[in-house]
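Below you'll find the structure, written out as structure tokens, and then a few comments.
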Amino acid sequence: MIEKEIRPLDFFHKYLALSKKDISKFKFKNNLKINCPACKNSKSNFEMKKNKFNYYSCNICKSLYLNPRPNSKDLKTFYENSDSAKYWANVFFPRVLQNRIKKIFVPRYVKIQKILNILNFKPKSVCEIGAGHGIFLDQIKNNTNIKELYAIEPNKDM
């Protein structure tokens, strides 16, 4: 995969600039301290600070996560009013959609399907959190008999 096929630099730099502006104009209050969202472990290591946010890695599963994280009300406000989220949904993502399907979503689906086959696991339903335009769920819909597909996406433009 060539980076510029899924993330053209001019579009991506504009998105990053909008993201920085969004982060500076939104006031995240009442941030929540959390354990690892993947395995619930309470032990973690500080990894980095980026744009006023602290990132930690879990000592057990090695997941990288934001801690403390904004509460759900602040996240909802951010996604509803964020210029960077609107730009991603309406300009950036449509520009690279076909390449991202081919280079990211199809291989991701194939990999997960192989794992499910190895485990002999046949899910009856799938829920994708942060589903964006639902492209990954489209792969499932077009390639399986799974009828119950659920998408959760906080950005109304997506």
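The values are calculated or read from the model by the stated rules, or taken from the named source; none is laboratory data. Just so you know, these numbers come straight off a predicted model, no measurement behind them. Accessible surface areas use protein heavy atoms only, side chains included; no ligands, DNA or RNA. Shrake-Rupley method; radii C 1.70, N 1.55, O 1.52, S 1.80 Å.
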inquiry  = Based on alpha-carbon centroids, what's the gap between segment 55-78 and segment 87-127 in Å, whole number please?
reply    = 23
ask   = Taking segment 116-158 as the region of interest, what is the percent of Cα-Cα pairs per 10 angstrom bin, listed from the shortest bin to the one with the maximum distance?
value = 27, 50, 20, 3
remark   = Summing -39500 (n - 2.57) over every DSSP H run of at least 4 in the chain, dividing by its residue total and rounding to the nearest 500, the 222 nm mean residue ellipticity is -12500 deg cm²/dmol
query = If E47, E128, E5 are ordered by their accessible area, calculated over protein heavy atoms with a 1.4 Å probe, which sequence runs from highest to lowest?
reply = E47, E5, E128
request  = Would you mind getting the accessible area per residue of segment 1-73, heavy atoms of the protein chains only, 1.4 Å probe, in Å²?
outcome  = 73
key: Cα-Cα P(r), segment 6-158, percent of pairs per 10 Å interval   = 10, 27, 37, 24, 2
request  = Give the accessible area for T144 in Å² (nearest 10); use a 1.4 Å probe, count only protein heavy atoms, and leave out ligands, DNA and RNA.
outcome  = 30
inquiry  = I'm checking a number: the convex hull volume of the Cα atoms of segment 1-43, normalised per residue, in Å³. What is it?
reply    = 122
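Quick one, could you list the DSSP H helices from the chain stretching 18 Å or more along their long axis (Cα atoms) with average Kyte-Doolittle hydropathy of 0.5 or above?
Result, helices passing both filters: 106-119.
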